[in-house]
Structures are given as C-alpha cells and as structure tokens.
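The values are calculated or read from the model by the stated rules, or taken from the named source; none is laboratory data. Computed from a prediction, not measured in an experiment: that's the story for all the values here. Counting neighbours? That spans all protein chains shown, and the Cβs are built from the backbone with ideal geometry, glycine included. The accessibility values were calculated without ligands, DNA or RNA, using every heavy atom of the protein model including side chains. Shrake-Rupley method; radii C 1.70, N 1.55, O 1.52, S 1.80 Å.
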Amino acid sequence: MSGRNSTCRRVCLACLIYAVMSYPAWAQTKLDPKLPEYKPAQGVSGNLKSIGSDTMNNEMTLWAEGFLKFYPNVQAEIEGKGSTTGPPALIDGTAHFAPMSRPMKGKEIDDFKKKHGFPPTALPTSIDMLAVYVHKDNPIKRLTMQQVDAIFSRTRKGGFDKAINTWGDLGLGGEWKDKPIALYGRNSASGTYGYFREHALFNGDFRDEVKEQPGSSSVVQGVASDKYAIGYSGIGYKTADVRAVPLAPDSKSEAVPAEADRAYAGEYPLARMLLVYVNRKPGAELDPLRREFVRYLYSKQGQSDVLRCGYLPIGEVIATKALASVGLKR
Amino acid sequence: MNASSLAPVTENTPGGKSGRSRRPRKGNSVLAQGEPSIWGTGGALVVAITMIVGLLVLVLIQGAVTFWPMDLVRIRTVDGKVYLGEVTREETYRPEAEVFTSLPPRERDRAREAVQQAAGVARRRLLRTGNYDLTGFHHQWVSDFQIAEESKPEWGLVVERLTWGNFYGTPTAFLLDGKEVASDPDDIWAQFVNHHDAVAERFSRSVDLNRHGIGALSRKQNAALLARKQAEISYGKSSSEYAVADKQFAEVESACKEEDARIKSEINTLNKENDRFQLRLVTADGQEKILPLADIVRAYPANRLSFGDEVGIYFSRWAEFLTQRPRQANTEGGVLPAIWGTVAMTLLMSLVVVPFGVLAALYLREYAKSGPIISVVRIAINNLAGVPSIVFGVFGMGFFCYLVGKFIDGGPQHIQVAPMPPAWWWLAMLAVVLVGAAAFLVGLIGARDRAKESRFGRYLGRFAVALWLLSLAPVVYVVVHTPYFSGFYEANLPSPTFGTGGVLWASLTLALLTVPVVIVATEESLAAVPNSMREGSYACGASKWQTIRRIVLPRALPGIMTGMILAMARGAGEVAPIMLVGAVKLAPELPVDGVFPYLHPSRSFMHLGFHIYDLGFQSLNSEAARPMVYTTTLLLIGIVALLNVMAVWLRSRLRRRYLVSQF
Amino acid sequence: MTVSHPASAALESRPTPLLPMPQQPANPRLLDHPGSEESRLEKIARGQSAPAHVHAEIAQTDPVLRITSFSLWYGKKQALFDVSLCIPRGKVTALIGPSGCGKSTLLRSVNRLNDLIDTVRVRGEMQLNDDPIYRPSVDVIELRKRMGMVFQKPNPFPMSIYENVVYPLRIDGERDRRALHEVCERSLRGAALWDEVKDRLHESGLALSGGQQQRLCIARAIAGDPEVLLLDEPCSALDPIATSKIEDLLQELKGNYSVLIVTHNMQQAARTSDFTAFMYLGHVIEYGPTGTMFTNPHLRETNDYITGRFG
Ligand SMILES: Nc1ncnc2c1ncn2[C@@H]1O[C@H](COP(=O)(O)OP(=O)(O)OP(=O)(O)O)[C@@H](O)[C@H]1O
Ligand SMILES: [Mg+2]
C-alpha cells in the first residue's frame, strides 16, 4: 500500500516539477501561451457525468459550462461530495470522470482493477494550494508545518514538543494570548481531508475538536465568522474575510506565502495536483465525448477556467504528457 | 383520646363564629389566577410568530435588495493603492497595533490617533472590486483610517460579464473593428447603448443556433450511433442488421456534416459581426482592458443612474435570474433549470403520491374493518412521517437507482442476477399465471357471494387476497430473472440511463416520503364526511363504491387537497434525500423541454433547495454567493407559496361547490 | 345475516305466530285495570315479555310490509324484542314511543341499513310485498332501491339540487336526460319543493334552508318510485310552517305510497296517520287505527303515554 502510494506521490511530484520547468517564475497566474486553442469536433453528444471531489466541484462545473458552449446538447451532470465518492462511481461506470483532489489509494486502484482488469488513468489537470486560513484580523505572521500539526493533530507526528491549544501558544499576545483556537476542517470523505492528514499531519490523526465542514467554502465561511478560528481549505475558496498564513517547512526555513509562483517553484509545502480519473483500457480509444472533454481540459479555454476558479493552471508540457497518457496527441 | 383531640380544634377554628372548619383559601396563589397562563400561552405564541415573521422578513429583505444597483466608490488608500467598487458590507472592529505599522510613517500616527479618539474602534467597508482576471481577488476590506481620498467617479462603469465576474472601470474608448470611434465617455456610452442590444440579440441567436440546431444534429447522430451499437449487441457485427444500421449511420453522419457546416458558418458570421464591437476600459489602478461587447451581459454607469434606471436594472436582473441558465459555477446568471427542476419534480411527485395516498386512505377508512392489523398499519404510516428524510434518500438510491434503474438499463445481468434457463422460466411463468388466474376467479366468485352477504363469500374474498399476495413474490422473481430482457438502454452502457439519480427517482422517493401526509389528511377528511350522507346514499340503493365515488370523495376533496398541499410543500423543500437520488450542481438540460418525448424522467436535475446548499457551502466566491443564497431562498419560498396558493384556491373553489352552510 | 345471537336462546320469549293474531278482549278497558294487575311497562322494564296488543282492524288490511317476530341486538344489548307488525298498503302508519325505544332501529331494519353496523345481529323475518328481506339470497342493493328513506336530520348530498333528486336513477345508470328531468320535476312537485327551486336546480343542495333540505330528501326518497316510504322524524328539525308543509305532503302521498313514519309529535301522528303503533323499550305495546289509539286506546299504558303522563 505504502509502495503504491509513494508511486502516486512520485507521479505528482514529477508533475509538479514539470510545472516548474515549463514555467518561469514571473509567469505567475498567466496561461501558458503554448497551450492549444480548443477546436470543437463533430458529432459529440450524450451524457457527461462526473462524480468526485468537492474541492474540484466548481472547477468541474466551469469546465462543463465551457465545454457545453461547444456542445450544447451534451448533458453534463456534476456531483461533488468528496473525492472518496469518485472511485466507486468510476468503477461502477456511473461516472465518466472522477475528479479527485488526492491520488487514488491502493485499495481503490485494486478495486478498479478487479472490475476492469487495468488501472484507472489519472490526469493531472491543475494545481491547488491547500491554505491554512485564519480570520482577517488575526495577526499571526507565519506557521511552521510542525505547528500546524500540533494545532490540528493529537498525535503530533511532526515532532512539535507540545500541543497547541491557544493562540498564546503560537506566540500571540494581548487579547489573543489565552483564546483557544477553534479548528475547522473538512469531512473525511474529502480528498482535502486525506491530503492534509498526509502532508500536514504527517499521517497522524485529527483532533476530535476539529469541526468537520461539508464543503470547502464552508470551512472558509466558518473561519470568516469566528475570530479565533483556523482552518484549511483550497486556495480557490479564499475570500476577503480570511487570510492564508504563510507556511514554513520547518522552524529554520523561510515561511512561504500561498502564492502562485511559490507553488510553481515547488516551495509552498501544501501544493498538490488536482486530478481527474478516467476509465480507459490501455491502447483503446476514448469515446468522442470523453476524448473531447479531455482535450478541452488541456486547451487554453480549459486552463483559463482553472484560473477563473482560483487554482493554478498547468503548462503545456504536462498537458502533452497527460494527453498522451490517454492516447491523444495535442 | 378522640374527643380530647377534637375539642381544641373546634375552639381554634379561625373566625369560628359558625364553628365550621373551612379550608384556608390560598387567595394570593399565582396559579389560582388566570393571568399567568394567559401570559404564558400568549407569550409562547408571540415568540413563535416573531420567529417566523423574523425569518421571512430577513429572507425577504436580504433577497429583495440583492439586485438593486449600488453606487461605485473609488478609494485611494494612504499606501497608494486605488480601488473602485461597490460597498457590500461594513463593520466596526478594534484594529490590532500591528495594523498601523504597515501604514506609511506619516499616516501612522494620524490613523492611530483617529482610532484612539473613537475609543479604539474603527470602521471598515467591504468593497466588491471585481476584475478577478487582473487582480486575483473579488473583494477588498478598506478601513476608514486607510483612506487618503474617496470619490464617486461619474463614469465608473459596472460591467457584468459572461465570464470572470464583474468588471469595474471607466470607459476610455469604444472600438469598432479595432478602431476607436468614440473616446469621450458620453459618446462611448451612447455607442454602447446603441450597439449592445443588437450584439446581445446576435449572441443569443448564435447560442440558440448552437443549442437547437447543432444540438438536434448531434442528437440525430447519437441515435443512429446507438442504433448501430444495439444492432451489434443483438445480432453481431457480421449480421445484415448491423450492415443496415451502419449504412444508416453513415448516411445520417454525412447529412449531419453538411448541415453542421452550414449552421456553424451561420454562427461564425454572427460571432464575427459581434467581434467588431469592443469596449476599452481602464481600471482604478490604471490597467487597460478591452472587453468584447458580446461578453457583456449588462453595463451601467452606477453613479449616473436616475431612480427609473435603477428600477429598470433591478427588474432586468430579476428577469435574468428567473429566465437564464447559471454561469460561473452557479454564482451568476439565473436559476431557470433549478426552478424547472423543482417544479417538475414536485408536480411529478404529486402525480404519484396523491392517487396512492388517497387509495390507501380509502381502503383504511372505508373498506378495512378496524382491527389490530389496521391499527398497526396506521401506526406504521404515522411513524413513517417521522423517519428522517435522508433515510428515504438512501432507500431511493439503493432501490430505485441501483436496482430498478439498473434493471431497466441493462436487464437482469446488470444487477448481478443470473437469468433462468428459458424452459424453467416458462414453467415458472405458467405457475404464476395459474395462481393469478385462480386468484382472479376466486375473487370474482367471492365478490358475487359477498354481494349476497354470505359468510362464505367473505372467506373466499380473503382467500383471493391471499392468493394475490402469494402470486406477487413469484411475479417479481419471474420478472427479475427473465432471460428475454437485456435492458432498454443496453447500447448506452456502461453509461447509466435510469441506473443513476434522476427526476423520476427523486419524485418517487419524495412520494414515499410524503405519502403518510396524504394518507393522514385524506383519512381525516374521510372521517369528517358525515355518516348520515353515506347512509342516505345507501338508503337510495347505492353500492359502496358508488357511495364513495359520488358522495364521499367529492365531499372529502378539499381535505385531500389539503393533504396534497402539505405534501407538496414538504416535498418541494426537502433537500437531503434528493441529493442522493438526482439533484446535481449542474444540469443545464431541463427535465421537461420541447424535445420529444418532452418529459425526460431519467435526467438529473437542479433543485432550488440543493442550489441554496451549493451556494452556501460550496461556492467559489462565498462573499458574492451570499446574497444569491437569500435571493434563491426567497424564490424557493415564493414557489412553494405559489404552489400552495394554487392548491388553496382550487380547494376553496371546491369547498364553495360542496360546502355551503348547513342551514 | 340471520344469525342467532348466542344470548338469544336465553332471551327468547314465547314464540309468536307468524301472523300476528290479535287477541280481542271483551272489554279492553278491563284488560289493565289499575291495581288489578302489574303494569305491562313494569314487566317489560324488568326484562319479562308482554304480548303486543293488536287491534282487529289491522288484520283486515292489505299489508305491504310484514314484520314477523323480529329481534335485534347491538352487540350484547337487545334493542328490539319479537316485534311483529303489518304495515298496510297505501296508508300512513305512525310509530310512537319514548326516546330510545327502538323506533329508528326498527325503521332502519326494514331497509337493512343496520347491516352497516358491524355489531348488529338480528333474528326473525320481514317481507316486502311477500319478498323476504332477511334471506342470504337477497340482494340488499336491489332491496333498498324498492324503499325510500328520509332521516331525522336532512342529509342532502354535496351536489346540485337536480343531482340530489335524480341520485337514485344515476346510480342505476340512467343517462336519458329527458327521463331524468321528468323524474326530477315529478319528485320535486311531489315534495312540494318545485316552485321554490325550479329556477336554481343546478345550485348546491346544501344551499337550501333546513326545511327545503328535508323536502329535497323526501323528493329524493320518492324519485325511485319506492314501494314503502320510511320517514324517521322528518319534522324534528323544522319550524311549524315547514312541518305543516310536510304534513300536507304526507296527505298527498297517501294512497300512492305506503308510509311508515316515526314521530314524537302526538298531534302530528293523530293528524297524518291512519294507523299508529306504540312502542316501549323495544316492544310493541299496542297497534291499531289512529282514531282509536288516540281517542280510545285499549291499553292504559298507551293512554298514559298519549296524554303525556310519562315518556
Ligand atoms: N349503533 C348503536 N349501537 C348500540 N346501540 C344502539 C345503536 N343505535 C341505537 N342503539 C340503542 O338502541 C336503542 C334504540 O335506539 P333507537 O335509535 O332505535 O331509539 P329511538 O326510538 O329512535 O329513539 P329517539 O326517539 O330518541 O330517536 C337505544 O337504547 C339506543 O341506545
Ligand atoms: Mg330515532
């Protein structure tokens, strides 16, 4: 399990590195000009169903909206109740696409293989920065990953020496000194939950006090309405009422703000690939509907949709590679 | 002992003139007076009413003001940033000491002093600054002490775009074919007003062409493709049927290709024409942006509007909200699909739930002899009404979607049931038919005998019912194991058609959820039909069914309608179960539309309740979505109220027909 | 339905002959001499049986409805005891007696409305024009169509006046509009309501006044051309004018219809009926021509009741 997981991680890491290579740091959140313009094909119709990540729910919806402009009688149905709901739907064939904010787990891949005889194909589509949000008035300057672990987890596998319960424990003074930290997080069905647990909690366990929210946006809203709160959610959901705290990998390093170039540079510790899984028999051709949707994802239009929902688009190199993985040339 | 103890008591009786011992009155007991209970009950009522009214007023106000156009404010902060936007909220707060350190040194003391004078409290306003494509944020908080200069620019323009959300800026040029034809704001605005309607008209024509023209083509092509696939499944690739289907497909494809090219060129011309018109704007911080007119839904100079203009914009926004499809992951545009989805689902549900509920109630109240079984059934029904709705959702998903739906899609194999060998199946079929026929015959004889009030007839009737029940399970078994059915949508597999959530399954699930409401209401109204009416009918020689149909049902109709109203109100507002059986975030195709067969029961649908949930908890831009939450809530309340008013109106009409005062 | 109640054996009284055989006393006044014998009413109240006193005139009439030794139980409670009556054809017969003595029960037994009550058990027989009423082979629906019934409280149906009247024909499946209209007019005229409602036949029947409603019910009852008309205190809810209208109506109906009417109003019974039966606690006490019953009753108990000394 861990072996397979680490392959997944390696894939993602590779993708991130590609992203870095294909992007000069100054490009920020601009589109890669080398991405192709989308040209509609003929005879695409049918029902396009996507079930999976909540983080990518809006992204999927934007893609579908954009795709539907080209194919108005395609029926797109988007469901996003958490990454965990994706694999079963893909295995069952109830969904054509399973957007996931984390790579599939070994067991999920095994289940898929058992039914279909080959593994599902993961398409890296965009990059998210998982941000740790605090209320806009919160003066906290930075957090180390070990501190984040000590805030959210009861196991403290990150190695911080004591549990952090109040803002005073993080060095804030004044009225903040003995205010307890209110914790907001996602429900366990979400990929964000899994990813945060793996990378910020070092595979530890969440505290029981974490208020598990049904959606990424509700985490942000929870933090916005609670002055002493902290929570984690995708960068796409940031509002003016919250602030993303710069994160440092450890106490000696510099804290990295949740900004695009830092993610492309591979410095932001909680940057992750947002994936879309498809069911494709190796060597087989995708049906027109799915083929065109995948092509749309990796077009200028598709990646500009990524920008519109606040995530980071990928570059042409990853796009070409991803298209090749489902047998498509750009 | 007895006497001695009695004597002093008599003596000590208070005011003992009469010598009679009276129970001392607790005249000042609070409970003995009526007022506390009046205050208590009245107070409870007032609290309840206040809560309801408060809720409604909140939703009403918040929902109603959302679309009112607001003034544009341009703010330059002391650290040199410039923002242009609408003020959406304001609040006061106590700034931390660090807040001031970020200000330039000269302003720092001034700001600190100002805040100190206000007892440490500062005001800040949330500006909706838009321009997300340029800045990466939608909103910005600005505290009063940060402001160096504030103004309301005359030509500040609010531009609502198809993509990327609002744009705020001042116009610098109107471009025709890339050439500047106007550069004075007045002229630019005149040009915009002049051309925008035509552009919007062309745009909607091209969307229509795309949707209906190209849509119909691909539908045709898809049908041919499916037919070919079906032929392949049924007869094999080398069969003549496949060859025919293949030929047909090729024909359709080539025909469509021509038509497709024609429509596309038409769309292209429209778009080309539209591309000629562009608007150049400059943002508050000096960036230039060229917007094609086709991308602009609506634009207005916010600070130059007369009251009439504001009203116009307000209503045009409402119109857009009610008649357009959503944009920008549901945060903008309209909610037409959600309205349709909600209404279609509710009506479909009523269509199912009313007949079933009424028949069940009729049986319970008119036919069934009261006994322990009936009591248990009644209790069960009443408890059904109290089951958490999500349970119904789970049931609906498991039973309707994954069992019935998959069976419809792909036959027995698709639900992991091995079909019976044909010989066995026919044998089982024969047995079922025989039992069914026997039940029918016995029932018939029994009915004839029962008319003569013989006890034998009643036994026969029970026997027939038992036989019916006995044949029911085998019927299901035989149907499920049929070797001759491999699904109506086999060619479409593995894509599910009915084997997933859809408006039909959602309606059935909600029907299940609301059937107790209808049963209880109907039973009550049946019970309220005076027995004297029934007796009068029987005395005229009417049979039971005639009495029910002609006397009892018409008289109970208003009550049945009440049940239906309650069921509809409950059904339309229920969100949890339908999330599992067909409500989705985006389903721009309506469950009811102008394409044959008009009602598409297998389609997923959007629902206002779910839309509210989605806006509230999953929205990209929760700040912008919040007012939409209220507006959508207002709309949902409005629709439920409208459905109710319709039903109430119908009911009162019926009432007037049947229930004029007794004397 | 002819099922003996388990308790019936114990309660069974002396068998009565199939045809009531009036016992003719030489001097009826002496039959119940004060103090000479214990009162019949007291005997009945104690649960013993007392034979009905039926006048000789009854035997000379042509009965349309014959009730023979009829007993009825509501569950364990017996409400009718061995009732035997012959209702003459073309005449008005009144049933009088104190409240709760079983008049309505008897009336409802005639068209088997009591079948609707689960707990009811009966014994004995009735015949309508020599056709049995309580036999397993009898079609109750057909039977009820041969009788018309008017209830104590007006019970028009929730439909138009017209539909109310033609209801008995509607349930028979009559579609011919001319025939329906003819019956409607005839019945409404028969019930002395035609002139009042002829312009609003299609308004709700519930929009009429109480007396009009009751006459509407009478019109409905005679629309099916019944062999017997059963009236259960038809005037109890009406004012004197409506009452007198209905009484006039009874006089008109007499001859064409055989009427069995329950009433608490002695004057009404005296005015409208040809024969009167006096009932007490489920027993028929005395039955004879109305004239005799009210001016010269054979039994002292009857006299007491009529003069209002009890009941
Ligand atoms: N449905 C019933 N169930 C049980 N007992 C009943 C029922 N209907 C009537 N009874 C009883 O039968 C007896 C006769 O009742 P019935 O209605 O025939 O009296 P009545 O002579 O019509 O009285 P009134 O003049 O008050 O109408 C009464 O003691 C009554 O309590
Ligand atoms: Mg009575």
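Of all the options A:185, A:174, A:266, the one that moves most in a Gaussian network model of chain A with Cα springs shorter than 10 angstrom is A:174. Around residue B:617, what is the net charge, scoring Lys/Arg as +1 and Asp/Glu as -1 over all other residues with Cβ under 15 Å from its Cβ? Within the 15 Å Cβ shell, the charges total 0.
Hey, what angle do you get for helix A:288-297 against the long axis of chain A, alpha-carbon based, 0 to 90 degrees rounded to 10? Relative to chain A, helix A:288-297 is tipped by roughly 40 degrees. Between residue B:235 and residue A:42, what's the calculated FRET efficiency when r is the beta-carbon distance and R0 is 41 Å? Round to 0.05. FRET efficiency, residue B:235 to residue A:42: 0.90.
Ranking B:339, B:233 from most to least accessible surface, computed with a 1.4 Å probe over the protein chains only, gives B:233, B:339. Charges were assigned to the Cβ only: +1 to each Lys and Arg, -1 to each Asp and Glu. The resulting dipole of region B:179-275 about its Cα centre is roughly 760 debye. Straight-line cross-link reach from residue C:254 at under 16 Å between alpha-carbon atoms covers these lysines, not counting any fewer than eight positions away in the same chain: C:91, C:245. Along the axis of the charge dipole computed for the protein assembly as shown (Cβ charges of +1 for Lys and Arg, -1 for Asp and Glu, origin at the Cα centre), the listed residues B:45, B:145, A:134 are led at the positive end by B:45. Hydrodynamic analysis of region B:526-575 uses the Kirkwood radius over alpha carbon pairs. Inserted into Stokes-Einstein at 10 °C and 1.306 mPa s, it gives a translational diffusion coefficient of 131 µm²/s. Counting Cβ atoms of other protein chains within 10 Å of each residue's Cβ and taking the mean over peptide B:211-218 gives 5. Under the simplified labelling scheme, the residue C:256-residue A:252 pair shows an inter-label distance of 11.9 nm, with each label point 7 Å from Cα along Cα→Cβ. Classify chain B: rounded, prolate or oblate, from the alpha-carbon gyration tensor (a ≥ b ≥ c, eigenvalue square roots; a/c under 1.5 rounded; otherwise prolate if a/b is larger than b/c)? It comes out oblate by the Cα gyration axes. Each of B:395, B:34, B:518 was scored by the projection of its Cα onto the charge dipole of chain B, and the greatest displacement toward the positive side belongs to B:34; charges sit on the C-beta of Lys, Arg, Asp and Glu.
Summed over both chains, the area buried between B and C is near 2500 Å², taken from the accessible surface of protein heavy atoms with a 1.4 Å probe.
Treating only the Cα positions of region B:179-275 as identical point scatterers, give the base-10 log of I(q)/I(0) from the Debye formula at each q in 0.12 Å⁻¹. These q points yield log10 I(q)/I(0) values of -0.57.
Global size of region B:72-161: 13.9, 43 Å for Rg and Dmax (C-alpha atoms, Rg to one decimal, Dmax whole). Please determine, in degrees from 0 to 90 and to the nearest 10, the orientation of helix C:177-190 with respect to the longest principal axis defined by the Cα atoms of chain C, where the helix direction is its Cα long axis. Helix C:177-190 and the main axis of chain C meet at about 50 degrees. What helices in chain B pass both tests, a Cα length along the helix axis of 15 Å or more and a mean Kyte hydropathy of 0.0 or higher, using whole DSSP H runs? Counting only whole DSSP H runs, the qualifying helices are B:35-65, B:307-323, B:336-362, B:372-384, B:422-451, B:455-480, B:503-527, B:553-573, B:622-658. Write down the percent of antiparallel bridges among all DSSP beta bridges whose residues are both part of the protein assembly as shown, to the nearest 5. Once the DSSP bridges in the protein assembly as shown are tallied, antiparallel ones form about 75 percent. In the frame of its principal axes, chain A has Cα extents of 66, 42, 32 Å, reported largest first. The P(r) of region B:365-446 has a tail past 22 Å containing 63 percent of all C-alpha pairs. With a Förster radius of 25 Å, plug the Cβ-Cβ distance of residue B:254 and residue B:596 into 1/(1 + (r/R0)^6) and report the FRET value to the nearest 0.05. The pair residue B:254/residue B:596 has a calculated efficiency of 0.60.
When the P(r) of the protein assembly as shown is calculated, the portion above 57 Å amounts to 43% of the C-alpha pairs. Taking both sides together, the accessible area buried where A meets B is about 4300 Å² for a 1.4 Å probe. Each Lys and Arg adds +1 at its Cβ and each Asp and Glu adds -1 at its Cβ; summed about the Cα centre, chain B shows a dipole of about 4080 debye. Ranked by solvent-accessible area (1.4 Å probe, protein heavy atoms only, all chains present), the residues B:205, B:124 order from largest to smallest as B:205, B:124.
Divided by 2.2 N^0.38 Å, where N counts the residues, the Cα radius of gyration of chain C comes to 1.02. Of all lysines in the structure, those lying under 26 Å Cα to Cα from residue A:81, and not within fewer than 8 positions of it along the same chain, are A:49, A:69, A:105, A:107, A:113, A:114, A:115, A:211, A:238, B:406, B:585.
Inter-part distance, region C:54-91 to region C:194-232, computed on C-alpha centroids, equals 28 Å.
Counts of other chain beta carbons within 10 angstrom of each beta carbon in peptide C:185-193 average 0. Quotient of the Cα radius of gyration of region A:129-271 and 2.2 N^0.38 Å, N being its number of residues: 0.94. Its Cα gyration tensor gives region B:223-357 an equivalent ellipsoid, and the semi-axes of that ellipsoid, as √(5λ) in whole Å with the largest first, are 46, 30, 12.
If you roll a 1.4 Å probe over the protein assembly as shown with all protein chains in place, what percent of the accessible area is carbon or sulfur? The value for the protein assembly as shown is 58 percent carbon and sulfur by accessible area.
If both residues of a DSSP beta bridge must be in region A:129-271, then about 60% of such bridges are antiparallel. Over chain C, dividing the summed -39,500 (n - 2.57) contributions of all DSSP H runs of at least 4 residues by the number of residues returns a 222 nm mean residue ellipticity of -9000 deg cm²/dmol. Across peptide A:231-238, the average count of Cβ atoms from other chains found within 10 Å of a residue's Cβ is 2. Using heavy atoms of the protein chains and a probe of 1.4 Å, the accessible area assigned to residue C:283 is about 20 Å². Find the centroid of the Cα atoms in region A:304-330 and in region B:132-182, then give the distance between the two in whole Å. Rounded to whole Å, the Cα centres lie 31 Å apart. When nucleic acids and ligands are ignored and a 1.4 Å probe is applied, residue A:134 ends up with an accessible area of around 0 Å². Helical runs (DSSP H, four residues minimum) scored at -39500 (n - 2.57) apiece and divided by the length of chain A put the mean residue ellipticity at 222 nm at -10000 deg cm²/dmol.
Dipole of the protein assembly as shown computed with +1 at Lys/Arg Cβ and -1 at Asp/Glu Cβ about the Cα centre; of C:67, B:167, B:69, farthest Cα towards the positive end is C:67. Among the protein heavy atoms, those of residue B:101 account for about 80 Å² of accessible surface (1.4 Å probe, every chain in place).
Surface analysis of the protein assembly as shown yields an accessible area of 45 Å² per residue, using protein heavy atoms and a 1.4 Å probe. Under a model in which nothing but the beta-carbon of Lys, Arg (+1) and Asp, Glu (-1) is charged, chain A shows a dipole of about 740 debye around its Cα centre.
Residues B:649, C:194 ordered from highest to lowest accessible area at a 1.4 Å probe: B:649, C:194. Summing charges over neighbours of residue C:99, with a neighbour being any other residue whose Cβ is under 15 Å away from its Cβ, gives -1 when K and R count +1 and D and E count -1.
Using a cut-off of 9 Å between beta-carbons, work out the net charge of the residues near residue A:245 (Lys and Arg +1, Asp and Glu -1, residue A:245 not included). Here the count lands on +3.
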